[in-house]
Amino acid sequence: MAMNVKGIAAAPGLAIGKVMWLRQQTVEVIEQFVEPNHIEQELQRFEVAITISSQEITELQAVTTKKLGEKEAEIFEAHREFLTDPSYVDEIRSRIHQKHESAAYACQQVTQEMAAMLRGLDNEYLQARATDIHDVGQRLLRHLTESDQEIKTISSDKRIVLAEDLTPSDTVSLPEGIVGIATMRGSVTGHAAILARTLGIPMIVALGEALNAVQENDLMILDGKEGTLCVTPDEAMLLKTRALMEGEKALAKEQKNRAADDAVTKDGQRIHVLANIGSLKDIERAIEFGAEGVGLFRTEFLYLENTDWPSEQQQYDVYRQVLSAFSNRPVVIRTLDIGGDKALPYAPFDHEENPFLGHRAIRFCLANPAIFKTQLRALLRASVHGQLWIMFPMIETLDEIAAAKELVATCRQELEQEGTAVSKDYRIGMMVEIPAAAVMADQFAKQVDFMSIGTNDLTQYTLAADRGNEKVAYLYDAFHPAVLRLIAMTGHAGQQQGIVVGMCGELAGDSLATELLIGMGLTELSMSAASIPAVKDKLRSLTTSEAKVKVPAILDLGTASAIRAQL
Ligand code: PEP
Ligand code: MG
């Protein structure tokens, strides 16, 4: 019998696939094979995973010895022995080498086989070792799957991933063949959902405990627009969905054919539509979907994918490639926005009661100038390869902008003294994502070359509703008149000062909001690549002068639902 589960729509699109549970405690991978020319790389990844796991186990052993004594810590000695046991690690190496299995898949299979073998033995001590090998296998698997996105995997089945919640690194590490994502918790503006939209994978969040009833391998239909899951659908539903998917595909294809054309309103105003990207891999898709540049490069993913602070050269290589890919088009690169829901395993973050209100983004960077300067130097060095717009996140005070600009100037001077070329016409801007910055936008507009509104954070801070908490998801709404008024204030301030005001929060990609945004004076919208064709189509159907007239009346409405009804 079919079963329906309702959640919150997070990334549009329909998907039909079999369930693959991603349990937080148990990492599971589907059958994956590696292209022959990736085998060396795969073997190397396995060696790295062994080294890191071994270091972790040593640390655990030290901590356990200190807390509980040497005897209790001995268990970790046994764990480490597995990592040098030829019957375990050599077997994994040989499966990668001979069967072309991915390191993760080979590791999972060998671990499971060894654990089953141990469990079947008539010896209590050896039976208990099954748990140990499982632990070690999971540790290795966690390291192997964290960077899985670099491997070309081949999978046969279409899968819908189910999880309690997904971290950004979980999402980027998903293997190929994933057609949908459904999570028990999470939110529309969580970074997992943002990534899903970028990747064009339909997603539903906040499905709650009901998701627990769904079994591995169940067939399901996921509707990322309505936020509904249909588990074990009947043939009629499958047929209907397949027909709808065909229809959606045809419309998307039509819109995509026009995506490379400029977006000009009926009364001749050009609006620039750009892409939000998280890594170099997103560039191709951004261009394919008609992006006229990059409106937000979330550089934190460069840091998240690393096991240590990325070096200046490493960063320079990445920034140079983005800038070159878009040659004379603007590329807005946001400096490190870490903290909040984005923690770095190697960063010195203390526990905070309210991380979203804590030591994050520009606050962290200004307090750690060495880390910040590495990024700024890499950016300035790359500036000669294109049109660089540097953007600072979470700006709240004029002092922060002054301090950040001063650091840019220092880095520039240092580079020039070293004889390194720096472009003369990079721009410096800020995100408006804290209500204080929107209220004071007139003052900030005098200090920067551009402002970009981050509605994901602006909404959570204005409405005091955590963007990642499904219990307050009903309150979190960028169409709330208070949020819209702040956007209008920012747009107005930018126009008065004659600087570009754009938006890179998720609202920019919602075509229901497009008319309001251009009516408020925004001239640049940046979004997940997949949303670009539809928003461009919407812009072509609008008249800016009419939109401007509409705005005051809309801002006078008292609720988000009343506003939606007018759009
Ligand atoms: C925002 O807050 O709207 C934004 C674009 O930044 P992020 O989602 O990365 O916090
Ligand atoms: Mg933000």
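The values are calculated or read from the model by the stated rules, or taken from the named source; none is laboratory data. Only a predicted model underlies this, so the values are computations on that prediction, with no experimental measurement involved. Neighbour counts are summed over all protein chains in view; Cβ atoms, including those assigned to glycine, are modelled from backbone coordinates with ideal geometry. We work out accessible area using only protein heavy atoms, side chains counted, and drop any ligands, DNA or RNA first. Shrake-Rupley method; radii C 1.70, N 1.55, O 1.52, S 1.80 Å.
Regarding residue 473, is this residue at positive phi and either away from ligand 1 (no atom under 14 Å from the Cβ) or open to solvent by 60 Å² or more (accessible area, probe 1.4 Å) (or both)?
no
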Residue 284 vs. criteria within 16 Å of ligand 1 (Cβ to nearest atom), open to solvent by 40 Å² or more (accessible area, probe 1.4 Å) and either within 23 Å of residue 528 (Cβ to Cβ) or touching a residue at least 12 places away in the same chain (Cβ under 8 Å) (or both):
no
Condition first: more than 13 Å from ligand 2 (Cβ to nearest atom) and either outside the structural domain of residue 484 (by TED's automatic domain parsing) or part of a loop (DSSP other than H, G, I, E, B) (or both). Now tell me which residues in the stretch 416-441 satisfy that.
418, 419, 420, 421, 422, 423, 424, 425, 426, 440
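Quickly run through the stretch 442-480 and pick out the residues that are among the aliphatic types (A, V, I, L, M), assigned to a helix (DSSP H, G or I) and more than 16 Å from ligand 2 (Cβ to nearest atom). Write out each step before concluding.
To start, the set of residues in the stretch 442-480 that are among the aliphatic types (A, V, I, L, M) comprises 445, 448, 451, 453, 458, 463-465, 472-473, 475, 478.
Among the residues that remain, those that are also assigned to a helix (DSSP H, G or I) are: 458, 463, 472.
Within the stretch 442-480, 472 is the sole residue that qualifies.
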Quick check on my filter: what residues within the stretch 528-567 are open to solvent by less than 20 Å² (accessible area, probe 1.4 Å), under 22 Å from residue 495 (Cα atoms) and not in a helix (DSSP H, G or I)?
542
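To keep it simple, each residue is scored yes or no on (1) surrounded by fewer than 17 Cβ atoms within 10 Å (Cβ to Cβ); (2) at pLDDT below 80; (3) of a type in the set (Lys, Arg).
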| site | (1), (2), (3) |
| --- | --- |
| 92 | no, no, no |
| 97 | yes, no, no |
| 110 | no, no, no |
| 114 | no, no, no |
| 120 | yes, yes, no |
| 129 | no, yes, yes |
Where in the stretch 297-374 are there helices (runs of 4 or more DSSP H), lying wholly inside it, with at least 3 residues that are away from ligand 1 (no atom under 13 Å from the Cβ)?
312-325, 361-367
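With the requirement that a residue be in contact (Cβ under 8 Å) with a residue 40 or more places away in the chain, surrounded by 23 or more Cβ atoms within 10 Å (Cβ to Cβ) and more than 16 Å from ligand 2 (Cβ to nearest atom), what does the stretch 502-515 give you? Even if it seems obvious, please write down each step before you answer.
Within the stretch 502-515, the first condition is being in contact (Cβ under 8 Å) with a residue 40 or more places away in the chain, and the residues that meet it are 502-509, 512-513, 515.
Checking the rest, the ones that are also surrounded by 23 or more Cβ atoms within 10 Å (Cβ to Cβ) come to 502-509, 513, 515.
The answer is 513, 515.
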Being more than 16 Å from ligand 2 (Cβ to nearest atom), within 21 Å of the chain's Cα centre (by Cα) and not polar (S, T, N, Q) is the requirement here; does residue 518 meet it?
no
List the residue pairs whose Cβ atoms are under 7 Å apart, where the first residue sits in the stretch 392-409 and is basic (Lys, Arg), the second is away from ligand 1 (no atom under 16 Å from the Cβ) and outside any helix (DSSP H, G or I), and the two are 6 or more positions apart or on different chains.
405/428
Does the stretch 372-403 hold any residues that are within 16 Å of ligand 2 (Cβ to nearest atom) and either surrounded by fewer than 19 Cβ atoms within 10 Å (Cβ to Cβ) or acidic (Asp, Glu) (or both), and which are they?
396, 400
